[in-house]
Amino acid sequence: MHRRRFLGYGLAAGCAALTARLAHSDDRQPLSIGTTPVFLDDDVAFLRDWQAYLEHELGRPVAFVQRRSYREVSELLLAEKLDAAWICGFPYVRYRDRMRLLAVPTYEGEPLYRSYVIVPSSDTTTQSIADLGGKIYAFSDPDSNSGWLVPSSQLFRIGKDAATFFRKSFFTWGHRRVVDAVAVGLAHGGSVDGYVWDTLKIHHPEVTDQTRVAHRSVKYGFPPFVTRSQLPAGDFRQLQEVLVAMRTNTAGQGLLHKLNLEGFQVAPESVFAGIAENMRMLRAG
């Protein structure tokens, strides 16, 4: 769908939702959804469009709450100050006794993705993170599966500690920023969400062309949508149904296209087994 047509829907949907809300005296509080900054050029515009879509489909106000890190979003959810959030599988597995799994994105036909080790395109020899000892390395977030847990587990399996293996390492607080850091030479390598790198390659090849994927991990559960543990059952079910139905809704398909996703699905807990295993391994070590 063309952006102009989608924005037109967004404005119409927003007005329709506002009209519907004004017609009812028993307005509910906005459904609050936490996110971290995504890789899109204009997060604000995209979230405004998605907000309009969700308000139209849910028939109630929706508020997106952005924070810089996964930890900030997780803490708000654990404190019941958010209704739902799109977080990483790592904090979900850590706190799943206090969160509820709502839906998982479908990417390349599965609710799964990979962690990539990327290096500058000029580096033609590096084949894995093990080749980057003594170099400068970029991680995305200490609560990121692909951007911290996976590479730390990879090093642990070869008897190395991520804290001492590199000459220097740092967090960029965003997967897009890992790609930028490696592209401009601030780091000799970095760990990034493979879905993010793949999507940037579609929209910004001028950035990803300055990097090379040296290694792709096994697949892990895709960053899920979760809710606070005490979200009313009716709200949980309605939001889940709306997310899953996006793939069959023209406007929803437009949003999914912008995200480079095929849709959302109700996935089993087992998709996060690999993340749980890496957590157990590092704790035991």
For this session: May I ask you to evaluate 6.51 cos²θ - 1.76 cosθ + 1.60, the Karplus curve with θ = phi - 60°, for each residue of the range 255-267 and list the ³J(HN,Hα) values in order in whole Hz, giving x for glycine and proline?
Result: 5, 4, 4, 5, 8, 6, 10, 8, x, 10, 9, 7, 10
For this session: Indicate the gyration tensor shape class of the range 115-218 (rounded, prolate or oblate), computed on the Cα atoms with a ≥ b ≥ c the square roots of the eigenvalues: a/c under 1.5 is rounded; otherwise a/b larger than b/c is prolate and the rest oblate.
Result: prolate
Problem set entry | Computed P(r) (all Cα pairs; the chain; 5 Å bins; percent) | 1, 6, 12, 16, 18, 16, 12, 9, 5, 3, 1, 1, 0, 0
Exercise. In percent, how large is the relative contact order of the range 115-218, given Cα pairs closer than 8 Å and 6 or more residues apart?
Worked result: 45 percent
Exercise. Taking a threshold of 29 Å on the Cα-Cα distance, which of the pairs Lys81/Lys219; Lys160/Lys258; Lys135/Lys201; Lys81/Lys168 fall above it?
Worked result: Lys81/Lys219; Lys160/Lys258; Lys81/Lys168
For this session: Give the long-range amide H neighbours of Ala214: residues separated by 5 or more places, or on another chain, with amide H under 5 Å away, using H modelled in the peptide plane at 1.01 Å from N.
Result: Val117, Ile118, Val119
Problem set entry | Selected from Ala138, Tyr70, Pro232, residue furthest toward positive end of dipole (the chain; charges at beta carbon) | Ala138
Seminar exercise, completed: Listed with the fewest Cβ neighbours within 10 Å leading, Tyr116, Tyr53, Tyr95 appear as Tyr95, Tyr53, Tyr116
Seminar exercise, completed: With the charge dipole of the range 173-285 built from beta-carbon charges (+1 for Lys and Arg, -1 for Asp and Glu) about the Cα centre, the Cα from Gly190, Met281, Gly221 projecting farthest to the positive end belongs to Met281
Problem set entry | Full-extension gain in nm, Thr250 to Arg68, via 0.36 nm per residue minus C-alpha separation | 62.4 nm
Problem set entry | Within the range 226-259: backbone nitrogen closer than 17 Å to the Glu80 label point (7 Å, Cα to C-beta) | 227-236
Exercise. Whose amide H sits under 5 Å from the amide H of Ala63, counting only residues 5 or more places off or on another chain, with H placed in the peptide plane?
Worked result: Leu31, Ser32, Ile33
For this session: Determine, for each peptide in 136-148, 80-92, 241-253, the mean count of other beta carbons within 10 angstrom over its residues, then list the peptides with the highest first.
Result: 136-148, 80-92, 241-253
For this session: Sort all Cα-Cα distances of the range 50-209 into consecutive 5 angstrom bins from zero, then give the percent of pairs in each bin up to the one containing the longest distance.
Result: 1, 8, 16, 18, 18, 15, 11, 6, 3, 2, 1
Exercise. Any idea how far apart Tyr95 and His257 come out in nm if each label point goes 7 Å out from Cα toward Cβ?
Worked result: 3.6 nm
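A short reminder: the numbers here are calculations on the coordinates, not readings from a lab. All figures in this text were calculated on a predicted structure; none of them were measured in a lab. Don't worry about glycine lacking a Cβ; one is built from the backbone with ideal geometry, like all the others, and counts go over all protein chains shown.
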